[in-house]
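Here is the structure we will look at, set down as structure tokens.
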Amino acid sequence: MIKFLKSIKALLEGMFTVFKHLFKKSVTLQYPEELPNLPERFRGGHTLKGCIGCGICQQVCPCNAITIKKSGGKVTSYTINMRKCMFCGNCQYYCPVGAIKLGTDFELATDSNKELLNELIETNESEADKE
Amino acid sequence: MSRMKLNLGPQHPSTHGVLRLILDVDGEKILGCEQVIGYLHRGMEKMAEGMTYLQYLPTVDRIDYLSGFFNSYAYVTAVEKLLKLTIPERASIIRVLLMELNRIASHLLWLGTYLLDLGAVSPFFYTFRERELILNYFEKISGQRMMYNYFVFGGVRHDIEYVNEIMPIVKTIVEKLDDYEKLLTDNPIFISRTKNTGVLDREEALAYSITGPNLRASNSHLDFRSQSEIYKKFEFKIAKAEAGDCFARYKVRLEEIRESSKIIYQAVDILLSSGGEYNTGLNPVNLNIEAGEAFADVETPRGLTTCCIKSDGSGTPYRVKWRTGSFYAVQILPKLLTGNMISDIMAIYGSLDVMLPEVDR
């Protein structure tokens, strides 16, 4: 009998604990309407500025996602294959001039294969033009 | 008599991964069980042979994605032994702090999903809410929630930041643990499903090489943290239970969260009061590693993880061998399941905290 009452008490306590949460503030984020507050170090989509074409990022990339083309000492093409990239951030950490950066852009879904081959040298030049 | 073979998995929501169990059942009773693993095999060991030491570093987080810091630690320590590198004091304390936070996050996830398997839905939301606090902190310091790539050869990548935020997080979690205990420890439904089911005695556990909380729930005190160099500065008790059933495993894990919080408090105190180097400043792009072998072990939330590297003097490892705790926990399943009912499968399997990516690697 005592055991029965004890178990009833435990069940009621459990129910009360759950019931308390009914009046607490919601912790979830309504994603497409509300955007998450991402930290500075978040590893998302890449940006490139001032690449010297040393090729260290190619060396340290675990997925061989980076292709650099050079002609006459100048970088003509810098492509990141977004299908391969695993956002480990190695390219950013070991870049000697801090050219490649992983930003806070995380909405990278697309419906075309071409857009997944991220050609970064264009953003580089257009940004240089602005300055 | 209605004896038949019953296939459970590989796609089953309660296996938390892809494990296939071929059950030999007589009505509701299990007469035998054969486990089929390998559905999540990614070739983590073979992969290393085609990569440089640095390239392999971000991928080791994926071996057990719920406790990435532990895998990184095992690999990084093994490479440091090959390089004959001693890491700064501060770096090793940062490593301990992050690993213990990761242990709490991993145990919280286990608690939530285990109860979900048993049919309780609300604790799942509570534990995930608390786990989110830790993951948000990890995101702040390393850039991602689960794939950290934060430990490097010779220390950690950045000096630790936002140290003041850790204490409130851990305090909240320890307070909420009492809430969970109110929900569960005296709950008659939970007790009747977990007590005296899946009893694993000490000799059997040792014979099957079970480590971690599963072994400590079977009246053993084997914890590799107590033998580890980096844990020598910290005082903590080894969580232990005697019964060896599912309930004991639950108790051990809750106790481990409390003990981890004690280590975290001590580590935060040391980090706040002292400075120093967090990295040896080694440039790991072109590592010059001599031929030889190195071995490193770490006590993860799921048992002993070891990493053994053989180097032949070239830029890539000759062979990398991983030993993970969950692999051995799967091997004991036939022994534990035989004689039980079908409804006990998930209560027993869930209590072992098996992580399938870690089993198959």
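So which of B:K81, B:K46 ends up being of a type outside the set (G, A, S), assigned to a helix (DSSP H, G or I), open to solvent by 40 Å² or more (accessible area, probe 1.4 Å) and without any contact (Cβ under 8 Å) to a residue 40 or more places away in the chain?
Unique residue meeting the criteria: B:K46.
Any idea which of B:E80, B:E49, B:E89 is away from chain A (no Cβ under 13 Å) and either modelled with pLDDT of 90 or more or closer than 20 Å to A:C63 by Cα (or both)?
Matching residue, one of B:E80, B:E49, B:E89: B:E49.
Taking only the stretch B:52-73 into account, find how many residues are open to solvent by 10 Å² or more (accessible area, probe 1.4 Å), in contact (Cβ under 8 Å) with a residue 40 or more places away in the chain and facing chain A (nearest Cβ under 8 Å).
1
Take the stretch A:43-77 and flag every residue that is part of a loop (DSSP other than H, G, I, E, B) and over 21 Å from B:Y150 (Cα atoms).
Those that are part of a loop (DSSP other than H, G, I, E, B) and over 21 Å from B:Y150 (Cα atoms): A:K49, A:G50, A:C51, A:I52, A:G53, A:C54, A:G55, A:G72, A:G73.
In the stretch A:29-44, what residues are within 13 Å of another protein chain (Cβ to nearest Cβ) and surrounded by 10 or more Cβ atoms within 10 Å (Cβ to Cβ)?
Of everything in the stretch A:29-44, those that are within 13 Å of another protein chain (Cβ to nearest Cβ) and surrounded by 10 or more Cβ atoms within 10 Å (Cβ to Cβ) turn out to be A:L29, A:P36, A:L38, A:P39, A:R41, A:F42, A:R43, A:G44.
Looking only at the stretch A:14-25, filter to residues that are facing another protein chain (nearest Cβ under 8 Å) and under 15 Å from B:A120 (Cα atoms); which one of those is surrounded by the fewest Cβ atoms within 10 Å (Cβ to Cβ)?
A:V18
For the stretch B:21-77, how many residues are over 26 Å from A:G89 (Cβ atoms) and among the hydrophobic types (A, V, I, L, M, F, W, C)?
9
Tell me whether the stretch A:117-129 contains one or more residues that are among the hydroxyl-bearing types (S, T, Y) and in contact with a Ser or Thr (Cβ under 7 Å, 6 or more places away or on another chain).
yes
So which residues in the stretch A:56-84 are within 11 Å of chain B (Cβ to nearest Cβ) and either among the polar types (S, T, N, Q) or under 14 Å from A:H46 (Cα atoms) (or both), if there are any at all?
A:C57, A:Q58, A:Q59, A:C61, A:N64
Applying the selection to the stretch A:73-97, what residues are at pLDDT 85 or above and at positive phi?
A:F87, A:G89
Please pick out the residue among B:T52, B:T15, B:T86, B:T77 that is of a type in the set (S, T, N, Q) and under 30 Å from B:K335 (Cβ atoms).
B:T15
Scan the stretch B:121-131 and give yes if some residue there is without any contact (Cβ under 8 Å) to a residue 40 or more places away in the chain, within 13 Å of chain A (Cβ to nearest Cβ), open to solvent by less than 10 Å² (accessible area, probe 1.4 Å) and not in a helix (DSSP H, G or I), otherwise no.
For the stretch B:121-131, residues without any contact (Cβ under 8 Å) to a residue 40 or more places away in the chain, within 13 Å of chain A (Cβ to nearest Cβ), open to solvent by less than 10 Å² (accessible area, probe 1.4 Å) and not in a helix (DSSP H, G or I): absent.
Mind checking which residues of the stretch B:137-165 are open to solvent by 60 Å² or more (accessible area, probe 1.4 Å) and more than 8 Å from chain A (Cβ to nearest Cβ)?
Matches in the stretch B:137-165: B:R145, B:E161, B:Y162, B:N164, B:E165.
Of the residues B:R258, B:R253, which is among the basic types (K, R), in a helix (DSSP H, G or I) and open to solvent by 10 Å² or more (accessible area, probe 1.4 Å)?
It is B:R258.
The values are calculated or read from the model by the stated rules, or taken from the named source; none is laboratory data. Keep in mind that what you see is a predicted model, and the values were worked out from it rather than measured. Note that we place each Cβ from the backbone using ideal geometry, even for glycine, and neighbour counts take in every protein chain shown. Accessible surface areas use protein heavy atoms only, side chains included; no ligands, DNA or RNA. Shrake-Rupley method; radii C 1.70, N 1.55, O 1.52, S 1.80 Å.
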